[in-house]
């Protein structure tokens, strides 16, 4: 017999004005559950978690927690109250029977001493202290709202292992695809106020969601056809018995009401970077640059060359010097040694992780126009601010909304809107994925993939890096940084160890020589390397072990020819896929020409399979 649920929410209704945020939403959490709550920014995910934690009362519905069950909630913004140290803050979350030693153990694992003043913590330190408080009691239910925000990759991977080892039931909200894929066993999808649960991990959720939305669109299309047919009968049909006619008119009216009151899904963001004229072929060239702060060497003897069109990822622990490195590469900070040369005609736009530049008393419109009227310059074009807001999923009524009441996801989209309005051919993005929902992340990834200029990206999102970048720079300890071909997964395959382990061994001569050998192949000169990032997630599991264990062989004439021609083949397939996707985006195609729709769908599937095979083959030959 199945164990009774630890937590249930039933028929939850919550309205802030206008359409309900949650309308009849339900959730049930069983012992040992691993549930992720997914949905668009503003769909009500965090609201449902606060209701589940007992911190918010719904307008209607019931909350039940099994008597005696313990629960801990991790909010997006931790409240440290009047605690003087991080240790006292974490110990305050312990129950009478909990192990006090575990509080010190978790703080140590998370890189904190316990003596820190909570009022002086950085965003990442505050997140780690809040995690320690939530995890210390090992509660029956853990409610975690964006636990990976502001964490570096090492801590994210440690957190994954720690959560996987707990017996607690987990309810997670996160934008980190790999984190969710590794931990979740069930998904609760909040969409248009409703919560739908499916007992599959996040890895299969997106395919299920897309199939569900496609089925809804088909049902909507059928309803439209029935309404048209009934309206035709009303106008031109032969009169029958009056009672039958009245009944049929009533059904037509019901269908019209159903169509009119149906809540449609939120549209996609329309992210477009305002592009300047092309830069020179060489964008940045750094030779043996170094930077020291006091007795600490942050960057030591680093060289790289970034060409037009490259996608460069920078990854590493918080405090390793990622921002310092990028500041030197872009000319904002002078190196202590070495030289940095910027190419011709560089127009740079930057997205900073720190959102303190946003005045909380500004309105959304003022933040986009800098307080100058109701027009905003986007790539030299004068646009009305309401139209530009709509591209980033802001409703017209939010134009006068103060920034202090915006959600984390809304502030993230606002920062993107400000950065992308400036014409550029070099984008420098510091943690652009923080707080964005998964659908907007997809659009951002597509926009960066189509961007004609150069991208430098600082991120801890492993999946985002694997999908996008053509090379990755990572710290090796003692101020040494090494550049690797490919994304995060490719970097690990070349290093043969994770960031923490290899960073600790950074001082050994053998390790340094091995890293130097790996770095020799990590150049930006080949634009074809850019395409490899999109195939890594599928190819690495099979390719990386073989690349490490098997001796390298000389390429045959056929292999050399394939290596030279595959980039063109990949580009042609991408163009074909884009053309087919544009054709299938026509909402009336299915009804107008079913045969063409089916043919285009089959061709798209085949082209996508050929593209993946070509990318994997190119990666095998390149490695």
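The values are calculated or read from the model by the stated rules, or taken from the named source; none is laboratory data. These figures come from a predicted structure and were not determined experimentally. Here the Cβ positions follow ideal geometry from the backbone for every residue, glycine too, while neighbour counts run over all protein chains shown.
Only one entry of 339, 304 meets the criterion of being buried (at least 17 other Cβ atoms within 10 Å of the Cβ), touching a residue at least 12 places away in the same chain (Cβ under 8 Å) and in the same structural domain as residue 282 (by TED's automatic domain parsing), and that entry is 304. Within segment 110-131, can one find any residue that is free of Cβ contacts under 8 Å to residues at least 60 places away in the same chain and either outside the structural domain of residue 163 (by TED's automatic domain parsing) or touching a strand residue (DSSP E or B) at 6+ places or on another chain (Cβ under 8 Å) (or both)? Within segment 110-131, one or more residues are free of Cβ contacts under 8 Å to residues at least 60 places away in the same chain and either outside the structural domain of residue 163 (by TED's automatic domain parsing) or touching a strand residue (DSSP E or B) at 6+ places or on another chain (Cβ under 8 Å) (or both). Within segment 575-621, the residues that satisfy the criterion of being under 25 Å from residue 484 (Cα atoms) and touching a helix residue (DSSP H, G or I) at 6+ places or on another chain (Cβ under 7 Å) are 611, 612, 614, 615, 616, 617, 618, 619, 620, 621. Being modelled with pLDDT of 85 or more, part of a strand (DSSP E or B) and under 17 Å from residue 431 (Cβ atoms): is that true of residue 320 here? Considered against the rule, which asks whether it is modelled with pLDDT of 85 or more, part of a strand (DSSP E or B) and under 17 Å from residue 431 (Cβ atoms), residue 320 comes out as no. Looking across segment 136-158 at every residue that is at pLDDT 95 or above and under 21 Å from residue 112 (Cβ atoms), the one that is surrounded by the fewest Cβ atoms within 10 Å (Cβ to Cβ) is identified as 142. Find the residue count for segment 162-180, including only residues that are under 21 Å from residue 459 (Cβ atoms), in a helix (DSSP H, G or I) and either touching a strand residue (DSSP E or B) at 6+ places or on another chain (Cβ under 9 Å) or without any contact (Cβ under 8 Å) to a residue 40 or more places away in the chain (or both). Of the residues in that region, 2 qualify. Of the candidates 63, 50, 40, the single residue that is assigned to a strand (DSSP E or B) and closer than 27 Å to residue 405 by Cα is 63. The single condition among (1) at pLDDT 65 or above; (2) within 30 Å of residue 349 (Cβ to Cβ) that residue 267 does not satisfy is (1).
Of 91, 100, all but one fail to be closer than 21 Å to residue 162 by Cβ, surrounded by fewer than 18 Cβ atoms within 10 Å (Cβ to Cβ) and more than 27 Å from the chain's Cα centre (by Cα); the exception is 100. Can you spot a residue in segment 355-364 that is surrounded by 12 or more Cβ atoms within 10 Å (Cβ to Cβ) and within 23 Å of residue 458 (Cα to Cα)? The answer is yes; a qualifying residue exists.
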